[in-house]
Amino acid sequence: MQTDLVIQASHGDEDAFAELVGVAIDRLYAVAQRVLRDTGAAEDAVQAALVAAWRELPRLRDPERFDAWLYRLLVHACHRELRDRRIRRPNVLTLVVEPSRPDETGSIADRDELEQAFRRLTPDQRTILVLHYYLGYEPTEIAAVLEIPAGTARSRLHYAQKSLRAALEADARATAQEGRIA
């Protein structure tokens with residue numbers, strides 16, 4: 001079904017492309033939001049990825065790989081957005097208030113600690129963790145999306161996990177020290 005829509009869209013069928021986008025838009029936005037940590041930047045990256053997808057779709061060789069190809073375009077758009085925002089904007093911390101939702105996977109404190117540690121990672125580290133844990137991609141699939149060797153994807157995933165663990169442990173030590181001082 002999706003392959004047929006991809007083929008139709010690659011031949012200029014706007015309705016088929018709209019249907020593909022309708023299915024993927026929420027997932028694309030969620031990935032961009034997790035990588036960029038900024039609502040406006042995520043929206044811009046998704047839009048850029050979709051524009052690139054429409055333009056480049058006729059050159060897609062394997063319609064069955066549409067999802068991986070689309071995520072690759074999104075990752076590139078996220079990285080461009082980060083680069084462009086670094087050039088255009090001063091280094092100012094902005095607070096993004098997101099609507100709260102019930103979190104049944106853990107306490108609010110745990111989620112906040114994870115969020116703080118996640119923000120300390122580089123965009124490349126966040127990207128690989130989002131692809132693995134949020135989208136459920138295996139290292140070989142991550143390699144295809146990022147256009148890197150599978151061994152490099154495994155290595156980057158390992159070091160991203162190690163960096164996240166180190167950030168969590170550093171925050172835990174800092175919290176413990178604050179508790180002793182108070």
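Scanning segment 30-72 for residues that are over 21 Å from Q125 (Cβ atoms), touching a residue at least 12 places away in the same chain (Cβ under 8 Å) and of a type in the set (G, A, S) gives A48, A52, A53. Residues in segment 3-46 that are exposed (fewer than 15 other Cβ atoms within 10 Å of the Cβ) and part of a helix (DSSP H, G or I): 11 in all.
Cβ-Cβ distances below 7 Å connect no pair with a first residue in segment 169-182 that is over 18 Å from R120 (Cβ atoms), a second residue that is of a type in the set (A, V, I, L, M, F, W, C) and at pLDDT below 80, and a separation of six or more residues or different chains. How many residues are in contact (Cβ under 8 Å) with a residue 40 or more places away in the chain, hydrophobic (A, V, I, L, M, F, W, C) and more than 12 Å from A32 (Cα to Cα) when one looks only at segment 112-134? Matching residues across segment 112-134 total 4.
Of the residues R61, R65, R126, the single one that is assigned by TED's automatic domain parsing to the domain that holds I7, part of a helix (DSSP H, G or I) and modelled with pLDDT of 85 or more is R65. Scanning segment 129-166 for residues that are of a type in the set (A, V, I, L, M), under 22 Å from A30 (Cβ atoms) and assigned to a helix (DSSP H, G or I) returns L129, V130, L131, I142, A143, A144, V145, L146, A153, L157, A160, L164.
Yes/no per residue for (1) at pLDDT 85 or above; (2) of a type in the set (D, E, K, R):
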residue	(1), (2)
C78	yes, no
E81	yes, yes
P99	no, no
E104	no, yes
T122	yes, no
R156	yes, yes
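Among the residues that make up segment 125-148, is at least one of them touching a Ser or Thr at 6+ places or on another chain (Cβ under 7 Å) and surrounded by fewer than 17 Cβ atoms within 10 Å (Cβ to Cβ)? The answer is no, given that none of the residues of segment 125-148 is touching a Ser or Thr at 6+ places or on another chain (Cβ under 7 Å) and surrounded by fewer than 17 Cβ atoms within 10 Å (Cβ to Cβ).
The values are calculated or read from the model by the stated rules, or taken from the named source; none is laboratory data. Worth saying up front: this structure is predicted, and the values here are computed from it rather than measured. Note: ideal-geometry Cβ built from the backbone for every residue, glycine included; neighbour counts use all protein chains shown.
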